[in-house]
1. Show log10 I(q)/I(0) for chain A at q = 0.09, 0.12, 0.15 Å⁻¹, two decimals, from a solvent-free Debye sum over equal Cα scatterers.
2. Divide, for the protein assembly as shown, the radius of gyration over alpha carbons by 2.2 N^0.38 Å, where N is the residue count.
3. I'd like the distance separating the alpha-carbon centroids of region A:344-358 and region B:297-371, in whole Å.
4. Quote the FRET efficiency, to the nearest 0.05, computed for residue B:89 versus residue B:194 with a Förster distance R0 of 41 Å and r equal to the Cβ-Cβ distance.
5. Can you give me the Cα centroid spacing of region B:215-265 and region B:77-108 in angstrom?
6. Based only on other Cβ atoms within 10 Å, what is the fewest-to-most ordering of A:244, A:38, B:28?
7. Region A:214-247 to region A:112-174: how many Å between their Cα centroids?
8. Quick check on the exposure proxy: order A:85, B:360 from fewest to most C-beta atoms within 10 angstrom.
C-alpha cells in the first residue's frame, strides 16, 4: 500500500447557517481546503472525489459537489454511513490513493441539518436508523438512542454520575471558546448543565450537541506527490470501521460501543501504535455520556476509568490526553456528514501546530465517530511522522 | 322467539387505570381493541386460547370501520387466525343477545373506549351458569346520535328517554323486574330493578359483562336486563360456577402530557404485515438448528447463522427493565413526556424495546420488574399499530398508594 498524505484541509463555520445552502457550503469548504495547501494547489489536479452527506438537501449529492466546485470531469461518489460518514469518507479517499488507483483525491463532508424545522429533524433521522415496523413508531429520537446506553452505563458504573457527564459539557464548551469555527463559543458552568431543561434523561439541554450546518474538506495525495504541495504533510496512519447489531434489543452490553472497540483495533494495528501513543483526539461527543464511554472503548483508560479522567481534567488541553480541543460536537457543532472530516481538519491543524487551542508537541492524533443506531464507528489516525 | 340454553364459565373485566372510581378514560395507548384483549385474557386466565372457537366483539368505539380490528384482537388474545370473529356495532343488548345465542367456546367481548371506558369478556360453553334469552325489543329513541363521520348530537331529554324509551320498552316485555340492569345510570338501574342492583362503572357494550360478573360474585341468579336507549334484551341467569377475573387497577389521574403538532408517524404497510404475527402475538422465531430465539424474527439465526425455516414461539410476558430513557422534549406527532424501556423477558435472554404503559412517564428504573401488555403503540397514517407496552409492578404500587 502507498502512504497517503493530507496536504490540505478546510472547513466552514459550523452553526445554523440559514443564509447558506448545501450548494454554498460544499464549495466554501473545498476552497478553504484548496487555499490551505502550503505551496499552492490547482483543483484540476484532483482525480476523484468522495462526498459524505447524511441527508441529501437540494437534491443529487454527487452532482452538487461536481457542479458547485467546478469538478465536472472527475468521478464523484457519495458516501453515507450514519454519523460515521465523515471518517468513512476519509477512509475511502485514503484507500483510493493507497491502492494506486488515484494520486490526488478530494474528500468532502457536509450537511444542512437546519434545512428542515428543528423538531422535524427527529423523524428525519429516525427514518434512517430505525426498523420501520419495530422501533420507528416508538419515538426513539436520537438522544434516546444514546440515553439508553448512558442510563445503563451510569447504572453499572461504580463511580460515574450525571455530574461526570456535565463535566464533559463544561470542558468542551471551554475548548470551543477559542475555535473561530465553533457554533457555541461560550463557557458554561456545572450548575447550568445540571439545571438545564431535560431533553432525554440523563441528558439535559447542555449534554446534547446542537443542530448544525456546515462542511469540511481534506485533500489527500500519494506520498510521491506530497513534496510538490507542502513541506509539512500529515500522514493518514490508520483507519478503521466497526459495526454492531443494529437493534438495541440485541446489544448485550450497552455500557460500551463495540463498533468503536473494533474500529480502534483496526486503526491502531494499521498505524502500529497503541492508545497510549495518541497525543490528541477528536471523539464523537454528540451527547456527553458518549464521550465518557469513548474514553474506555478507545483504550484511553480502563473500564469505568472515564469518570476519574474527566474529574482529574486529564482530557483538557494541557492534560494527559486532550480530547476535543476543537470543542467537539458539543460546542463546535455537528453537521453529521461534515463532522468526521472536520475532526480530521482539527487534527491536521494540531499536528502542524496551527490550532487555536494547540496541544503542545502533538505528533499523533485520532478522529472518531460513532453513530447510526450506535451500530457503526469510524476512526482515522493521523500522524506527523510517516511511520 | 327461540330461546337456547348456553352457560357461561368465565368472565374477565378490564379497566384503564386512568380516571376516577366513577368513570375511567383510556390512555393514549389504549383503544377498544386493547381493552378487549385485556378483558379476554383476564377471562382466559391460564386456559389455552385454543378453546375459543368463535369471537364476538361488540362495541360502538371500533378504532377502524374499514381496515379491520379482528386480526389484531385475535393476535392479542393468542387465538389462531382461523377462528371466526364477528364485529358487531352495538351496546349491552347486543352482547347479551350474543351470549344467549353463543355456542361452546364462544368468547363474547363488549368494549367501550369513548366515555366511561372498560371492557368485559364472557366465555360461553356447556358448564357454568346458564343464560337464557327471555325477551327482546328494538325500538328507536335517538336522544343522542353519532354518525359515520363522527358527528354527534344530543336532544338532551332524559325524561323522554326514560318514559317513552326504557319504560315503554319494558312494558312491551311485560314489565320484568330484573336483578341487574346494564346500560343505565346507577339511579335509573335502581329504579327498574328489584333489590340491590350492582353499580356498574360502564354503560356501553361492556356493562352487561360487568353486571354478570357482579351477580355471579354475589351468587345471585335471576333476570338481567341490557339496555341501549329504547332497545332492550332480557335474559335469565341461572346458578353455577363462574370464574371472574378482574383486571381493574384502582383509578388515578391520567398523567399530563402535551401533543406536539406535526405530521402523524408514517407507516410502511409491507413492513407492518411482515412484523404482524411476531409483534402482536409477542412471539419469537425459534431456530430449527440451535433453538435460539430471535426477536424480532430474522432470516439468519442471531446465534448460529442457520437459515432454516423457524417456528414462532410465544415469549414470556414478565421481564425486567435493562435500560430506560424518558423523552421530555416535544416530538412532532407524539405526546411528551414518554418513556421507552428495554425489557429482558424472563430467563430467555430475549430483550424487547417498548414504551412504558400504565405508569407516569419516568417512573420506571433499571431493574424494575413488570409485564408486557397489549397496547396501541402509535396510530400511523390512520393505521393503529399495535404491539406491547411495559407495565411495571411499581405501577400497581403507585395505584395502591393513590387509591
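Every number in this text was worked out from the coordinates using simple rules, so none of it is lab data. Keep in mind that what you see is a predicted model, and the values were worked out from it rather than measured. Reconstructed Cβ throughout: ideal geometry from the backbone, glycine too, with neighbour counts over all protein chains shown.
1. Results for chain A at q = 0.09, 0.12, 0.15 Å⁻¹ read -0.45, -0.82, -1.33.
2. 1.16
3. Their Cα centres are 44 Å away from one another.
4. Using R0 = 41 Å, I get an efficiency of 0.85.
5. 15 Å
6. In order of increasing Cβ crowding within 10 Å: A:38, B:28, A:244.
7. 28 Å
8. Ranking A:85, B:360 by Cβ neighbours within 10 Å, fewest first, gives B:360, A:85.
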